[in-house]
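Participant: For reference, the structure I am asking about is given below.
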Amino acid sequence: MTLSLALVTLISAFGSSFQYGYNVSVINSPAPYMQDFYNRTYLDRTGVPMDSSFQTLLWSLTVSMFPLGGFFGSLMVWPLVNNCGRKGTLLINNLFSIAAAILMGTSELAKTFEVIILSRVIMGIFAGLASNVVPMFLGEMSPKNLRGAIGVVPQLFITIGILAAQILGLSSILGNAEGWPVLLGLTGIPSLLQLLTLPFFPESPRYLLIQKGNEEQARRALQRLRGWEDVDDEVEEMYQEDRSEKEEGQFSVLSLCTFRGLRWQLISWGAQTGVFYYADRIFESAGVASSSIQYVTVSIGAINVVMTLLAVFIVESLGRRILLLAGFVLCSASCAVLTLALNLQSSVSWMSYLSIACVILYIIGHAIGPSPIPAVMITEMFLQSSRPAAFMVGGSVHWLSNFTVGLVFLYMEAGLGPYSFLIFCAICLATMVYIFFIVPETKNKTFMEINRIMAKRNKVEIRESEELKDSFPLGKREEKKELSSSEM
């Protein structure tokens with residue numbers, strides 16, 4: 001791990017992924033004060049109080065507009081990263097965050113709650129791009145022995161962002177009637193820092209060589225990221241990948257969905273939605289005193305950070321597959337027991353504590369596998385031309401699921417009660433079975449090695465060049481021959 005690689009990882013994750021997590025949780029604690037602002041604004045305009053059903057709709061929109069924006073942001077991944085590059089897309093993306101932060105921070109002064117809902121869409125677009133581009137950017141820059149650990153770092157910063165929003169959202173800090181606009185507006189600061197620092201770091205070497213055809217810039221980027229001059233092996237591997245892709249053809253979104261060789265990779269991209277949107281409501285239904293709920297939520301956020309940090313250190317030793325399986329086992333078990341505990345807590349006093357334990361277990365399971373690993377694996381399981389489209393399709397499914405849950409969870413909870421968590425249990429179980437039978441281990445393998453494994457699994461033949469050097473440009477091969485002769 002070189003200083004340059006460490007810094008670009010931290011800057012990308014803090015400037016982008018941190019804000020994704022921050023905005024998932026930021027409206028949770030100040031919700032009563034924001035809803036009161038909605039009521040006061042409506043009363044000032046119309047002279048009549050807001051109807052409770054209309055307030056529920058408005059708040060559901062406030063929550064769900066963020067993942068809806070994430071869906072739109074995911075649709076922008078493919079054209080932006082192919083035309084502007086990975087780093088260029090992240091720099092452009094900062095403009096969405098800064099604009100949303102200004103709008104949200106001034107919403108109370110402007111006496112408009114509509115601008116908050118609009119800003120949540122804009123912030124969602126930022127998060128949709130960030131959640132897909134950062135793992136792609138860092139995955140393409142990382143050596144194969146560190147790709148898993150570095151790939152988990154964006155998710156680590158998402159959890160840190162959630163925790164930061166929970167801490168700053170305490171009623172004694174900014175989660176109060178006076179502080180909530182500042183709480184919402186702070187999200188622009190990490191974007192400003194990234195906008196000022198990221199230009200000093202290199203673009204993805206794979207993008208520079210394979211998509212832009214600029215070997216010289218790719219070599220310079222690799223040399224800076226690796227800390228040594230000899231990067232021929234990685235350059236050769238990129239040329240081999242480029243040759244393989246040219247034989248297979250470039251993938252559009254439509255061909256990505258229909259090409260048999262990518263079938264399992266596409267299906268493998270799935271994600272579980274967290275419980276942070278309505279964490280306070282879950283704890284309240286579990287019997288936690290209202291004065292203590294926000295502190296319990298912060299504790300849960302801290303556990304989330306610690307377990308994701310653990311995943312950073314163990315993903316390269318245990319591998320991706322075992323973490324996914326273990327995570328989904330914990331998630332499905334906790335959802336099943338939580339259903340039972342919520343049903344019995346009115347008759348058995350200690351069931352409220354079991355409910356909280358189930359939420360903690362779900363967070364632990366989610367943090368070690370389902371949250372961080374899918375983005376790592378989609379980077380690894382797709383080659384350069386299909387990777388942006390894969391992130392676009394997979395990210396769209398993820399954000400559309402988040403939007404659906406954010407919009408209908410309150411109504412689902414009202415209709416099904418505790419049994420609503422059985423739906424999540426079934427999804428976790430189905431995903432776990434699929435991973436067990438279909439998803440291979442990808443740790444410490446090159447992109448081409450993983451591509452061969454998936455081709456074999458999909459019964460698709462990949463034509464290999466006679467020798468690795470066949471995919472290396474003639475001029476560079478001659479340079480290498482001359483170098484070898486001089487060394488002898």
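Participant: Could you check how many residues of region 42-94 are among the aliphatic types (A, V, I, L, M), more than 18 Å from the chain's Cα centre (by Cα) and within 24 Å of SER25 (Cβ to Cβ)?
Facilitator: 3
Participant: Output yes when any residue across region 327-348 is among the β-branched types (Val, Ile, Thr) and open to solvent by less than 20 Å² (accessible area, probe 1.4 Å), and no when none is.
Facilitator: Yes, some residue in region 327-348 is among the β-branched types (Val, Ile, Thr) and open to solvent by less than 20 Å² (accessible area, probe 1.4 Å).
Participant: Among the residues that make up region 399-418, is at least one of them surrounded by 21 or more Cβ atoms within 10 Å (Cβ to Cβ), in the same structural domain as ARG321 (by the TED database) and under 26 Å from GLY148 (Cβ atoms)?
Facilitator: yes
Participant: Look through ILE116, ILE189 and report the one residue that is assigned by the TED database to the domain that holds VAL24, open to solvent by 10 Å² or more (accessible area, probe 1.4 Å), β-branched (Val, Ile, Thr) and within 30 Å of ALA31 (Cβ to Cβ).
Facilitator: Numbers: ILE116 fails: open to solvent by 10 Å² or more (accessible area, probe 1.4 Å).
Step by step, each of ILE116, ILE189 is checked, and only ILE189 is assigned by the TED database to the domain that holds VAL24, open to solvent by 10 Å² or more (accessible area, probe 1.4 Å), β-branched (Val, Ile, Thr) and within 30 Å of ALA31 (Cβ to Cβ).
Participant: Where residues in region 171-182 are of a type outside the set (Gly, Ala, Ser) and out of contact with any helix residue (DSSP H, G or I) (no Cβ under 6 Å at 6 or more places or on another chain), which of them is nearest to ALA31 (Cα to Cα)?
Facilitator: Among those that are of a type outside the set (Gly, Ala, Ser) and out of contact with any helix residue (DSSP H, G or I) (no Cβ under 6 Å at 6 or more places or on another chain), it is ASN176.
Participant: Which of (1) open to solvent by less than 20 Å² (accessible area, probe 1.4 Å); (2) among the β-branched types (Val, Ile, Thr); (3) not in a helix (DSSP H, G or I) is the odd one out, the single condition THR159 does not satisfy?
Facilitator: All conditions pass for THR159, except number (3).
Participant: Another question, then. Considering region 11-49 alone, what residues qualify as being surrounded by fewer than 18 Cβ atoms within 10 Å (Cβ to Cβ) and either without any contact (Cβ under 8 Å) to a residue 24 or more places away in the chain or among the aromatic types (Phe, Trp, Tyr) (or both)?
Facilitator: PRO32, ASN39, ARG40, LEU43, ARG45, THR46, GLY47, VAL48, PRO49
Participant: Quick check on this structure: which one of VAL63, VAL77 is in the same structural domain as VAL8 (by the TED database), within 12 Å of GLY395 (Cα to Cα) and touching a Phe, Trp or Tyr at 6+ places or on another chain (Cβ under 8 Å)?
Facilitator: Values: VAL63 fails: within 12 Å of GLY395 (Cα to Cα).
Only one candidate qualifies: VAL77.
Participant: Which pairs do you get when a residue that is outside the structural domain of TYR22 (by the TED database), found in region 283-304, comes within reach of a residue that is at pLDDT 75 or above and not in a helix (DSSP H, G or I), reach meaning Cβ atoms under 6 angstrom, with the pair 6+ apart or on two chains?
Facilitator: GLN294/SER29; GLN294/LEU170
Participant: Sticking with this structure for a sec: Can you name the condition, by its number, that GLN194 falls short on among (1) surrounded by 19 or more Cβ atoms within 10 Å (Cβ to Cβ); (2) modelled with pLDDT under 95?
Facilitator: Unmet condition: (2).
Participant: Sticking with this structure for a sec: Regarding SER385, is this residue open to solvent by less than 30 Å² (accessible area, probe 1.4 Å), within 20 Å of ALA455 (Cα to Cα) and hydroxyl-bearing (Ser, Thr, Tyr)?
Facilitator: Yes.
Participant: Kindly check whether there is at least one residue in region 436-449 that is of a type in the set (Asp, Glu), in contact (Cβ under 8 Å) with a residue 40 or more places away in the chain and over 23 Å from ILE373 (Cβ atoms).
Facilitator: No, there is no match, as no residue in region 436-449 is of a type in the set (Asp, Glu), in contact (Cβ under 8 Å) with a residue 40 or more places away in the chain and over 23 Å from ILE373 (Cβ atoms).
Participant: Follow-up. For region 89-109, check the following and say yes or no: at least one residue is without any contact (Cβ under 8 Å) to a residue 24 or more places away in the chain, open to solvent by 10 Å² or more (accessible area, probe 1.4 Å) and within 23 Å of GLN294 (Cα to Cα).
Facilitator: no
The values are calculated or read from the model by the stated rules, or taken from the named source; none is laboratory data. All of these numbers come straight from a predicted model, not from anything done at the bench. Here Cβ is always computed from backbone atoms with ideal geometry, including for glycine, and neighbour counts include all displayed protein chains. The accessibility values were calculated without ligands, DNA or RNA, using every heavy atom of the protein model including side chains. Shrake-Rupley method; radii C 1.70, N 1.55, O 1.52, S 1.80 Å.
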